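The structure appears right after this line, and notes come after that.
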Amino acid sequence: MNSGLPEGKRIRIRSLYGFGPEDEGYVGWTQEKARDTYLQKLNTGDLIMIYGASSAETEKSQRSYVLGFVEIEARPVRDTDRSSPMAIERKLKRGKSDRWTYGILVRRAWRAEEKVMISRIAFNSYRSDAGQALAIHGAELDEDEINEALKIKVREVNVFGEPPVSTEQSEAMPFADVFHPSRAFPNSPGNRTSSYLDGETFLYIAGYSGDSHSFLGRKKKQGDKGIAIKIGISNDPIRRCSELNLGIPPASQGKWEIKYRSQAFPNIAEAEAAEQEFKDKSAGKLESLGGEFFWGTLGDAETLLISLPGMARFRSK
């Protein structure tokens with residue numbers, strides 16, 4: 001597929017009465033059989049484009065508009081396992097506690113930052129006269145439709161039950177950019193606050209120390225030695241690593257660990273330039289997970305780091 005999605009990923013559509021992954025980390029169905037039928041058509045890592053149902057229960061301004069995207073793990077869940085106390089209470093007050101109880105687990109979510117009608121994106125897959133059938137069974141977008149979906153500006157948001165979204169990754173961007181390495185964070189003009197004065201800055205590589213396949217909801221293929229990797233810059237990589245781990249439950253067996261750290265760059269701009277060169281050279285060596293995150297081996301990441309001009313590095317463990 002040449003749509004701009006990573007190889008193997010697909011997008012299906014699903015109508016809902018709203019979009020609130022911050023309180024509901026799942027996509028729900030009222031009938032278990034309907035959920036299971038939909039689930040059979042998905043693989044872990046696939047995407048669902050959510051649009052507002054044409055129903056009185058949907059806020060009028062959201063009806064038939066694309067509301068956002070979710071990345072799923074192909075695993076059934078119950079609503080109570082992936083709902084905040086507020087969401088559970090809201091369903092009780094509305095008398096809907098027996099609705100949408102059978103779910104598919106959501107790992108990541110992006111809210112649409114512009115108003116786009118579903119008919120403009122899913123011009124082949126969506127039919128207004130098939131609303132009920134699409135609500136239950138959905139439809140898979142074809143390549144031309146995916147190309148349009150990837151143009152929608154989105155912002156990543158928190159998913160209930162998942163680690164909080166890093167503020168580094170929360171800027172609005174075309175959905176296509178989610179699947180490519182981000183540009184290095186620009187050095188903004190003007191004065192910086194005392195919490196980060198311009199000066200010595202390090203380029204670091206962090207690796208996830210636990211089961212990265214489970215962490216990302218991937219099926220482990222034979223011989224796959226890859227792990228989740230993050231590239232970044234900081235004036236204090238150890239502190240930055242602690243911040244990354246704030247969103248991971250203390251009982252978790254996996255944590256982010258700093259694996260490599262560069263020499264100190266004299267300022268942020270030079271560190272950003274090295275970070276961007278790493279990202280530019282990553283194609284074919286590491287798989288982009290979007291933004292500053294990659295999939296690959298630490299050996300390949302180290303080799304790439306060493307290849308950067310003038311790079312003196314050392315293992316910081």
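Where a number appears in this text, it was derived from the coordinates with a stated rule and is not lab data. Since the structure is predicted, the reported quantities are computational estimates derived from the model, not experimental observations. Don't worry about glycine lacking a Cβ; one is built from the backbone with ideal geometry, like all the others, and counts go over all protein chains shown.
The DSSP beta bridges internal to the chain are antiparallel in roughly 85% of cases. Between amide H atoms placed 1.01 Å from N, distances below 5 Å from Y260 occur with I205, S316, all of them 5 or more places distant or on a separate chain.
Taken along the Cα-to-beta-carbon direction at a fixed 7 Å, the label points for A283 and E114 span 2.4 nm.
Here the sum of -39500 (n - 2.57) over DSSP H runs of 4 or more residues, divided by the residues of the chain, equals -6000 deg cm²/dmol at 222 nm, to the nearest 500. Modelled spin labels at D236 and M311, positioned 7 Å past Cα toward Cβ, are 2.6 nm from each other. Here the alpha carbons of the chain define both size measures, Rg and Dmax, at 21.0, 64 Å.
Any chance you could run the full-extension gain for E200 through S61? It's 0.36 nm times the residue separation minus the Cα-Cα distance, nm to one decimal.
Numbers: separation 139, 0.36 × 139 = 50.04 nm, distance 4.87 nm.
Full-extension gain reported as 45.2 nm.
With θ taken as phi - 60° and the Karplus curve 6.51 cos²θ - 1.76 cosθ + 1.60 applied, the whole-hertz 3J(HN,Hα) list for the stretch 258-274 is 6, 9, 9, 9, 6, 5, 6, 7, x, 7, 5, 4, 5, 5, 4, 5, 5 Hz, x standing for glycine and proline. Once backbone amide H atoms are built at 1.01 Å from N, V116 has V66 as its partners under 5 Å, excluding neighbours fewer than 5 places away on the same chain.
Inter-label distance, K41 to S214: 3.1 nm, where each label sits 7 Å from its Cα along the C-beta direction.
Computed from backbone phi, the HN-Hα couplings of the stretch 248-254 come to 9, x, x, 7, 5, 8, x Hz, rounded to whole numbers (Karplus: 6.51 cos²θ - 1.76 cosθ + 1.60, θ = phi - 60°; Gly and Pro given as x).
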